[in-house]
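Okay, structure first, notes after.
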Amino acid sequence: GAGVSQSPSNKVTEKGKDVELRCDPISGHTALYWYRQSLGQGLEFLIYFQGNSAPDKSGLPSDRFSAERTGGSVSTLTIQRTQQEDSAVYLCASSLDGGRAGDNEQFFGPGTRLTVL
Amino acid sequence: AQTVTQSQPEMSVQEAETVTLSCTYDTSESDYYLFWYKQPPSRQMILVIRQEAYKQQNATENRFSVNFQKAAKSFSLKISDSQLGDAAMYFCASNLQGAQKLVFGQGTRLTINP
């Protein structure tokens, strides 16, 4: 079956512009996660959606970052007024439900590499 | 602070040999999971192995096994009979900070020499 897909694969933008990154989770997965991977670093948690519950936004680095999940499926991560420090790979993951991380494996997409000039 | 630390930025091993990647973590939690993920150049994170903190027996998946030392807060990954396809970034991770979100180490780049 299809895995987690993300688009675009690469995005180059100018400082100050807004960008939207898309994530299509595995069909039937109710939990969706966004992580950011800066160059040479591990992944940093950004936001988590579970069903119809309010999302856990505790990892969003600033109010320029927002995310939504429509119809419990596709998610869009929006970065407004991009800065050079936003340059990173943005990875999306989904899991069957939002139980403990070990009970439900998170399946990752290939990520979107964002470059802010 | 609840953190995961990988102190080896790079490791290399000869094909068919055994290599061990180190990971330590800091938490006051008693129930958590630990993971090793592999990230090839395709960027897609692949789960290699997982360990529940309550289980004393070390997890094993084919050529991959862990040495989990709960008291020492250490979770190392051993790769036996290394293959060229094992070359990748390896990340140690845990759900230390909550049931769902994962905390990752900085990664270890593993090179396999033919």
Options B:46, A:52, B:100, ranked by Cα towards positive dipole end of the protein assembly as shown, top entry (Cβ charges):
A:52
Among the chymotrypsin sites (Phe, Trp or Tyr not before Pro) in the stretch B:1-100, which ones are in a DSSP loop with at most 16 other Cβ atoms within 10 Å of the Cβ? Mind listing them?
B:54
Go through the stretch A:9-15 residue by residue and turn each phi into a ³J(HN,Hα) via Karplus (6.51, -1.76, 1.60, θ = phi - 60°); whole Hz please, and just put x for glycine and proline.
6, 9, 9, 10, 9, 9, 3
Taking the Cα centre of the stretch B:3-113 as origin and charging only Cβ (+1 Lys, Arg; -1 Asp, Glu), how large is the dipole, in debye to the nearest 20?
200 debye
Counting only DSSP beta bridges with both partners in chain A, the antiparallel fraction in percent, to the nearest 5, comes to 90 percent
Are there GluC sites (Glu not before Pro) in the stretch A:43-117 that DSSP puts in a loop and that have at most 14 other Cβ atoms within 10 Å, and which ones?
A:105
The rounded separation in angstrom of the Cα centers of the stretch B:42-63 and the stretch B:8-37 is 10 Å
Please report the relative contact order for chain A, taking Cα pairs under 8 Å with a sequence separation of at least 6, and give it as a percent rounded to a whole number.
37 percent
Once you sort the root eigenvalues of the Cα gyration tensor of the stretch B:41-100 as a ≥ b ≥ c, which label holds: rounded (a/c under 1.5), prolate (a/b larger than b/c) or oblate (the other case)?
oblate
Enumerate the lysines that residue B:101 could reach by cross-link, defined here as Cα to Cα under 23 Å, with residues fewer than 8 away along the same chain left out.
A:57, B:38, B:55, B:70, B:73
Using the 2.2 N^0.38 Å rule of thumb for compact globular proteins, work out how the protein assembly as shown stacks up: its C-alpha Rg over that value, please.
1.01
For the interface of chains A and B, what total accessible area is buried with a 1.4 Å probe, rounded to the nearest 100 Å²?
2000 Å²
Taking the simple approach of a point 7 Å from Cα along Cα-to-Cβ for both residue B:47 and residue B:106, what is their distance in nm?
2.7 nm
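The values are calculated or read from the model by the stated rules, or taken from the named source; none is laboratory data. These numbers were taken from a predicted model, which means no experiment stands behind them. Every residue, glycine among them, receives a Cβ derived from its backbone with ideal geometry; neighbour counts consider all protein chains shown. The protein model used for the area step is the full one, side chains on, heavy atoms only, and it has no ligands, DNA or RNA in it. Shrake-Rupley method; radii C 1.70, N 1.55, O 1.52, S 1.80 Å.
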